[in-house]
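See structure below.
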Amino acid sequence: MAAKDQKSLHIVMFPWLAFGHILPYLDLSKLLAQKGYKISFISTPRNIDRLPKLPPNLTSSINLVKIPLPKIAELPENAEATTDIHGGQMDLLKKAFDALESGVTRFLEESDPDWIIYDFAPHWLPPIAVRLGISRAFFMIINAWFLAFFGPYDALISGSDHRTKPEDFMVPPKWVKFETKVAYRRFEAKWIVRSGQSTESGFSDFYRGGNVIDGCGVILVRHCYEFEPDWVTLLEELHNRPVIPIGLMPPRVQDLNTNKDGDDEIWVSIRSWLDGQNKGSVVYVALGSEVTLSQDQLSELAHGLELSEVPFFWVLRKPSGSTESDLVNLPGGFQERVNGRGIVWRSWVPQLKILSHDSVGGFLTHCGWSSIVEGLMFGHPLITLPFFVDQGLNSRVVAEKQLGVEIPRNEEDGSYTRNSVADSVKLVMLENNGKKFRERAKEMATIFGDTALHSRYIDNFVEYLENHSSV
Ligand SMILES: *[C@@H]1O[C@H](CO)[C@@H](O)[C@H](O)[C@H]1NC(C)=O
Ligand SMILES: *[C@@H]1O[C@H](CO)[C@@H](O)[C@H](O)[C@H]1NC(C)=O
């Protein structure tokens with residue numbers, strides 16, 4: 001579809017410094033470039049250098065803009081993304097990010113774009129874009145329920161949301177009028193309360209989120225009504241501006257072929273193992289790149305997989321920002337005992353290709369929204385082990401819709417036992433009363449994997465961009 005205007009729009013993309021944000025922003029950039037728009041994708045030099053290769057026919061439409069990250073003494077040398085630091089340094093990275101303001105302003109002044117699509121962090125950006133006459137969209141890479149859970153933007157900015165105790169986050173907020181069990185568990189709610197108070201960078205995430213919403217003309221969510229209709233509508237009411245679902249952006253397996261050198265060799269070796277397993281028998285285990293398991297969490301997960309007797313493929317990468325001394329170990333003799341039945345893979349994998357393989361029958365996930373989309377587009381039921389931010393709420397939605405089960409946890413500290421892991425894995429993968437999860441997840445593949453449906457959402461969004469650009 002060609003852009004219907006005489007002039008093709010120039011759109012700036014500005015994600016937060018985390019690959020979990022940068023990659024969905026890059027995916028959206030590709031979808032927009034494909035429609036004929038000119039994209040300027042802003043990040044720091046080292047992050048740009050770490051991006052997957054662009055398809056050759058889009059390289060001329062997507063301009064990768066490197067703005068150096070100002071140095072903050074306490075941050076590790078060359079740390080430019082959350083994957084380079086540990087959790088305790090998050091606020092410092094935000095402080096450095098805020099210092100990108102002058103570089104970003106200069107770029108916007110010089111390049112005169114029509115639109116900027118930005119993330120939750122740059123609370124200082126909207127007034128600059130307003131001054132320069134640039135239309136503004138806030139792209140929430142995660143789902144509508146997380147944002148709606150935290151309430152109206154003015155309360156986020158002023159801090160007048162009176163929920164300050166863990167209990168306050170353990171029930172749906174008062175503005176949710178429909179039936180739902182979506183709320184945090186105690187151990188998650190404690191984390192939410194703590195992170196709301198964390199302001200070493202000078203600004204809490206609530207304050208950042210409130211300001212980026214207040215300053216935008218439209219909120220974009222990776223969502224579709226066919227999966228869930230209520231939360232988007234609520235979000236629109238809460239923030240009193242349009243919320244546009246841009247579809248679930250399911251990735252295309254064939255697009256992954258050219259991502260990295262050496263991918264093919266890795267895939268050939270993984271595939272030969274998967275080829276030797278029975279159809280639907282393998283549980284794929286991956287907890288994302290930002291979850292750092294404690295020794296106890298790692299051991300119980302390992303013992304649980306062993307006890308389940310289900311074949312597994314476990315991607316266990318070094319947690320971000322970890323040093324040798326933080327490394328945790330698999331239980332002694334584990335690898336030998338599961339030899340043949342289970343694989344522990346220590347480096348990058350082509351996740352989508354694994355999930356698309358016939359032998360995989362379930363996905364044990366931390367419930368990042370991208371992972372859920374990737375699992376459900378292939379109809380895999382989920383075994384969920386959420387850790388932070390939106391993951392707990394995503395997991396509740398998965399459970400509410402009977403697309404899988406949550407591994408039972410201790411309410412106070414979130415710990416879990418090997419038996420709770422083994423029972424959850426067996427229930428979803430093997431047992432008769434787990435059949436409903438497998439069937440429901442299969443049904444979901446018709447929505448999550450429907451590329452025509454999601455491409456219509458993008459078309460609608462593109463129409464919105466055209467209708468509301470300030471040129
Ligand atoms: C780029 O190439 C892909 C296939 O390689 C094709 O599907 C797509 O339409 C092309 N896009 C443009 C803008 O030419
Ligand atoms: C764009 O504008 C046209 C003409 O006014 C209108 O029919 C269409 O619904 C608008 N689309 C969006 C997505 O706003």
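The values are calculated or read from the model by the stated rules, or taken from the named source; none is laboratory data. Just so it is clear, the structure is predicted and the values come from calculations on it, not from any experiment. Methodologically, a virtual Cβ is constructed for each residue, glycine included, from the backbone with ideal geometry; neighbour enumeration extends over all protein chains shown. Heads up: the accessible areas ignore ligands, DNA and RNA and are worked out on the full protein's heavy atoms, side chains in. Shrake-Rupley method; radii C 1.70, N 1.55, O 1.52, S 1.80 Å.
Ranking ALA121, SER102, ILE22 by Cα position along the charge dipole of the chain, where only Lys, Arg, Asp and Glu carry charges on their C-beta atoms, puts ILE22 farthest toward the positive end. Averaged over its residues, the chain has an accessible area of 42 Å² per residue, based on protein heavy atoms and a 1.4 Å probe.
Roughly speaking, what is the centre-to-centre gap between segment 158-175 and segment 91-149 when only Cα atoms are used, to the nearest Å? Segment 158-175 and segment 91-149 have Cα centres separated by 27 Å. Just the Cα atoms of segment 392-471, one point each, no solvent: what log10 I(q)/I(0) does Debye give at q = 0.25, 0.26 Å⁻¹? The Debye formula, applied to the Cα set alone, gives -1.17, -1.20.
The equivalent ellipsoid of segment 265-448 has semi-axes of 22, 20, 16 Å, largest first, where each one is the square root of 5 times an eigenvalue of the Cα gyration tensor. Give me the log10 of I(q) over I(0) for segment 68-197 at q = 0.09, 0.11, 0.13, 0.15 Å⁻¹, as the Debye formula computes it from C-alpha points; what are the numbers? Rounded to two decimals, the profile gives -0.37, -0.55, -0.75, -0.95.
Our note on the geometry: Cα centres of segment 380-439 and segment 263-296, 18 Å apart. Compactness check for segment 167-255: Cα Rg over 2.2 N^0.38 Å is 1.31. For GluC sites (Glu not before Pro), the sites in segment 12-82 that DSSP calls loop and that have at most 13 other Cβ atoms within 10 Å are GLU74, GLU77.
Counting only protein heavy atoms and a probe of 1.4 Å, the accessible surface of the chain is 50% carbon and sulfur.
Between ALA445 and PHE227, the simple spin-label model (points 7 angstrom out along Cα→Cβ) gives 1.7 nm.
Between GLU109 and LEU58, residue separation times 0.36 nm minus the direct Cα-Cα distance comes to 15.9 nm.
When all alpha carbon pairs of segment 322-427 are counted in 5 Å bins from zero, the resulting P(r) reads 2, 10, 17, 21, 22, 17, 8, 2, 0 %. Rolled with a 1.4 Å probe across the full set of protein chains, the surface gives SER371 an accessible area near 20 Å².
Pick out the long, greasy-scoring helices in the chain: whole DSSP H runs spanning 18 Å or more along their own axis by Cα, mean Kyte-Doolittle at least 0.0. The partial results should precede the final answer.
Working: long enough: 19-34 (22 Å, 0.62); 295-308 (20 Å, -0.41); 435-448 (19 Å, -0.91); 451-467 (24 Å, -0.49).
The qualifying helices are 19-34.
The value given for segment 364-413 is a Kirkwood hydrodynamic radius of 10.7 Å, derived from the mean inverse Cα-Cα separation.
If I stretch the segment between LYS174 and ARG271 completely, what's the gain in nm (0.36 nm per residue apart, minus their alpha carbon distance), one decimal? Each step should come with its number before you reach the end.
On the way: separation 97, 0.36 × 97 = 34.92 nm, distance 4.88 nm.
The span from LYS174 to ARG271 would gain 30.0 nm if fully extended.
Taking the empirical scaling 2.2 N^0.38 Å for compact globular proteins as reference, segment 1-90 has a Cα radius of gyration ratio of 1.24. Distance between the modelled labels on GLU309 and ASN278, one decimal in nanometres: 1.1 nm (7 Å Cα→Cβ projection). Per residue, the convex hull spanned by the alpha carbons of the chain comes to 141 Å³.
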